[in-house]
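Chemist: Mind having a look at this structure? Questions to follow.
The values are calculated or read from the model by the stated rules, or taken from the named source; none is laboratory data. In this text the structure is predicted, and so the values were computed from the model without any measurement. Positions of Cβ are backbone-derived with ideal geometry, glycine not excepted, and every protein chain shown enters the neighbour counts. Heads up: the accessible areas ignore ligands, DNA and RNA and are worked out on the full protein's heavy atoms, side chains in. Shrake-Rupley method; radii C 1.70, N 1.55, O 1.52, S 1.80 Å.
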Amino acid sequence: METVILAVVIAVVVLGALGGLVIGSRRKKSLPPPPPAAPDITAPPAEPHVGDEAETPRDEPRRTIEEVDLPDGSASVAVEEPPAVEAPRIEIPEPAAGRLVRLRARLSRSQTALGKGLLTLLSREHLDDETWEEIEDILLTADVGVQPTTELVDRLRERVKVLGTRTPDELRGLLREELLKLVGTDVDRAVKTEPEDRRPGIVMVVGVNGTGKTTTTGKLARVLVADGRTVVLGAADTFRAAAADQLQTWGERVGAHTVRGPEAGDPASVAFDAVKEGKEMGVDVVLIDTAGRLHTKTGLMDELGKVKRVVEKHAPLDEVLLVLDATTGQNGLVQARVFAEVVDITGIVLTKLDGTAKGGIVIAVQRELNVPVKLIGLGEGADDLAPFEPEAFVDALIGD
């Protein structure tokens with residue numbers, strides 16, 4: 001009996017041990033993952049509008065194509081025009097006639113020393129040799145020149161001796177007459193721009209850089225436009241930086257077309273094209289601004305001669321105007337001689353007569369070249385270039 005009980009106990013123990021082993025092995029095996037839950041489907045983020053920051057999309061009302069009103073073609077669609085480019089304002093120049101008379105006060109401010117000095121000396125009761133030497137000194141200091149000074153003093157001495165008693169009015173009239181003889185009243189001073197047999201008139205402007213040559217060309221265009229002429233400008237000063245831009249600006253102010261070429265290009269080619277376009281456009285005058293780097297006989301002078309020859313393949317030049325700085329005195333006469341040897345100067349333009357210039361340079365340069373002064377510059381203003389009028393000029397010299 002005891003043996004049976006012992007066998008049963010052993011069997012129970014063995015079965016318990018086997019059951020524990022089975023349960024432990026099952027716990028060591030990994031359980032399969034649970035089935036995935038169904039994902040939440042969301043709408044893609046909306047594109048941000050212009051000026052919006054990226055943000056949570058907003059619900060916006062949407063319309064179907066049936067709800068959208070389409071244009072039926074009856075209403076006009078406004079098209080925004082591009083902004084128009086403002087054209088340069090065309091100026092109306094001051095009339096050239098009588099311009100020197102209107103500028104007389106400006107001229108007389110710097111010139112009356114000559115006239116007043118002469119009148120003061122001539123008013124002395126006794127005019128001895130020393131007084132006449134003082135008169136000569138005043139004339140020479142005013143750049144009148146040696147020969148014109150000698151002529152003027154000789155005539156004044158003779159007339160004063162005959163006149164005897166001299167009142168201030170008589171002296172002023174006497175001096176005015178003699179100065180007018182020196183300046184010249186019987187000379188044709190008109191700028192030739194109207195040839196009888198063709199159009200356009202051709203004017204070439206020459207001179208040393210620094211005399212106001214390009215500015216004078218632009219101002220001359222204003223004078224011609226003020227007289228009712230149409231003008232084409234030729235920017236043949238291709239060697240000086242911004243010379244063409246400067247001339248074009250002057251032309252735009254009065255509605256004149258400017259022909260220009262590449263910087264450092266051939267001046268003769270530009271001059272040729274300017275005359276060609278002037279003929280095609282049917283304008284009245286072509287003004288050609290030329291280079292003026294140095295007043296030597298090489299380089300520049302050869303170039304001026306070439307420009308002249310090329311232009312004359314179209315037609316003869318009607319005017320060759322030499323621009324001189326009136327403040328340079330006798331040095332201006334040296335420049336005048338050199339230019340006159342290369343091109344036939346037909347007229348002189350004296351600039352800066354409102355500054356420290358001496359009025360006698362008008363007389364001296366005319367004697368030197370046997371060419372009349374046709375225009376004078378009396379300031380920096382656009383309309384300060386005036387046709388030369390001998391009477392108005394002498395009246396400004398001797399004052400009221």
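Chemist: Out of contact with any Ser or Thr (no Cβ under 9 Å at 6 or more places or on another chain), in a loop (DSSP other than H, G, I, E, B) and at pLDDT 85 or above, is that true of Ala382? Outline the logic, then answer.
Modeler: Values: out of contact with any Ser or Thr (no Cβ under 9 Å at 6 or more places or on another chain): yes; in a loop (DSSP other than H, G, I, E, B): yes; at pLDDT 85 or above: yes.
Considered against the rule, which asks whether it is out of contact with any Ser or Thr (no Cβ under 9 Å at 6 or more places or on another chain), in a loop (DSSP other than H, G, I, E, B) and at pLDDT 85 or above, Ala382 comes out as yes.
Chemist: Now, a different point. Kindly indicate the residue of the stretch 97-125 that is at pLDDT below 85, not small (Gly, Ala, Ser) and not in a helix (DSSP H, G or I) and also surrounded by the fewest Cβ atoms within 10 Å (Cβ to Cβ) among those meeting that condition.
Modeler: Initial filter on the stretch 97-125 (at pLDDT below 85): 97-116, 125.
Narrowing the set further to residues that are not small (Gly, Ala, Ser) leaves 99-104, 106-107, 109, 111-112, 114, 116, 125.
Retained after the next criterion (residues that are not in a helix (DSSP H, G or I)): 103, 125.
On the way: Leu103: 23, Glu125: 6.
Once the filter is applied, the top-ranked residue is Glu125.
Chemist: Which residues, taken from the stretch 141-173, are hydrophobic (A, V, I, L, M, F, W, C) and at pLDDT below 90?
Modeler: So in the stretch 141-173, the residues hydrophobic (A, V, I, L, M, F, W, C) come out as 142, 144, 146, 152-153, 156, 160, 162-163, 171.
Ala142, Val144, Val160, Val162, Leu163, Leu171, listed by residue number.
Chemist: Here are Val334, Val365: which of them is closer than 18 Å to Leu179 by Cα, in a helix (DSSP H, G or I) and not basic (Lys, Arg)?
Modeler: Working: Val334 fails: closer than 18 Å to Leu179 by Cα.
After ruling out the rest, the residue left standing is Val365.
Chemist: With Val342, Val334, Val338 as the choices, which residue is among the β-branched types (Val, Ile, Thr) and either touching a strand residue (DSSP E or B) at 6+ places or on another chain (Cβ under 9 Å) or closer than 25 Å to Trp250 by Cβ (or both)? Break it down stepwise before answering.
Modeler: On the way: Val334 fails: either touching a strand residue (DSSP E or B) at 6+ places or on another chain (Cβ under 9 Å) or closer than 25 Å to Trp250 by Cβ (or both); Val338 fails: either touching a strand residue (DSSP E or B) at 6+ places or on another chain (Cβ under 9 Å) or closer than 25 Å to Trp250 by Cβ (or both).
Going through Val342, Val334, Val338 in turn, the sole match is Val342.
Chemist: Would you be able to say whether some residue in the stretch 300-316 is under 30 Å from Lys116 (Cβ atoms) and β-branched (Val, Ile, Thr)?
Modeler: Here is the first cut: in the stretch 300-316, the ones under 30 Å from Lys116 (Cβ atoms) are none.
Within the stretch 300-316 (the criterion being under 30 Å from Lys116 (Cβ atoms) and β-branched (Val, Ile, Thr)), the answer is no, since none of the residues qualifies.
Chemist: May I pose another question? Tell me the residue from Leu300, Leu385, Leu378 that is of a type in the set (A, V, I, L, M, F, W, C), under 23 Å from Met204 (Cβ atoms), in contact with a strand residue (DSSP E or B) (Cβ under 7 Å, 6 or more places away or on another chain) and crowded, with 21+ Cβ neighbours inside 10 Å, please. Working first, answer last.
Modeler: Details: Leu300 fails: in contact with a strand residue (DSSP E or B) (Cβ under 7 Å, 6 or more places away or on another chain); Leu378 fails: under 23 Å from Met204 (Cβ atoms).
Selected residue: Leu385, the only one of Leu300, Leu385, Leu378 that is of a type in the set (A, V, I, L, M, F, W, C), under 23 Å from Met204 (Cβ atoms), in contact with a strand residue (DSSP E or B) (Cβ under 7 Å, 6 or more places away or on another chain) and crowded, with 21+ Cβ neighbours inside 10 Å.
Chemist: For the condition of a type outside the set (Val, Ile, Thr), over 25 Å from the mean Cα position of the chain (by Cα) and not in a helix (DSSP H, G or I), what is the one hit in Lys374, Lys306, Lys358? Give the derivation first.
Modeler: Numbers: Lys374 fails: over 25 Å from the mean Cα position of the chain (by Cα); Lys306 fails: not in a helix (DSSP H, G or I).
Result of the check over Lys374, Lys306, Lys358: Lys358.
Chemist: Something else about it: State whether one or more residues within the stretch 188-200 are at pLDDT 90 or above, small (Gly, Ala, Ser), touching a strand residue (DSSP E or B) at 6+ places or on another chain (Cβ under 7 Å) and within 20 Å of Glu94 (Cα to Cα).
Modeler: Within the stretch 188-200 (the criterion being at pLDDT 90 or above, small (Gly, Ala, Ser), touching a strand residue (DSSP E or B) at 6+ places or on another chain (Cβ under 7 Å) and within 20 Å of Glu94 (Cα to Cα)), the answer is no, since none of the residues qualifies.
Chemist: Condition first: touching a residue at least 12 places away in the same chain (Cβ under 8 Å) and open to solvent by 40 Å² or more (accessible area, probe 1.4 Å). Now tell me which residues in the stretch 182-214 satisfy that.
Modeler: Residues of the stretch 182-214 touching a residue at least 12 places away in the same chain (Cβ under 8 Å): 182-185, 187-195, 198-214.
Across the stretch 182-214, the qualifying residues are Thr185, Val187, Asp188, Ala190, Lys192, Glu194, Arg198, Arg199, Asn209, Gly210.
Chemist: Could you list all residues from the stretch 237-277 that are over 25 Å from Arg89 (Cα atoms), in a loop (DSSP other than H, G, I, E, B), open to solvent by less than 60 Å² (accessible area, probe 1.4 Å) and not acidic (Asp, Glu)?
Modeler: Within the stretch 237-277, Thr238, Gly265 meet the criteria.
Chemist: Right, another one. For residues in the stretch 225-236 being surrounded by fewer than 24 Cβ atoms within 10 Å (Cβ to Cβ) and among the aliphatic types (A, V, I, L, M), which is nearest to Arg309 (Cα to Cα)?
Modeler: Step by step, filter the stretch 225-236, then rank; the result is Val225.
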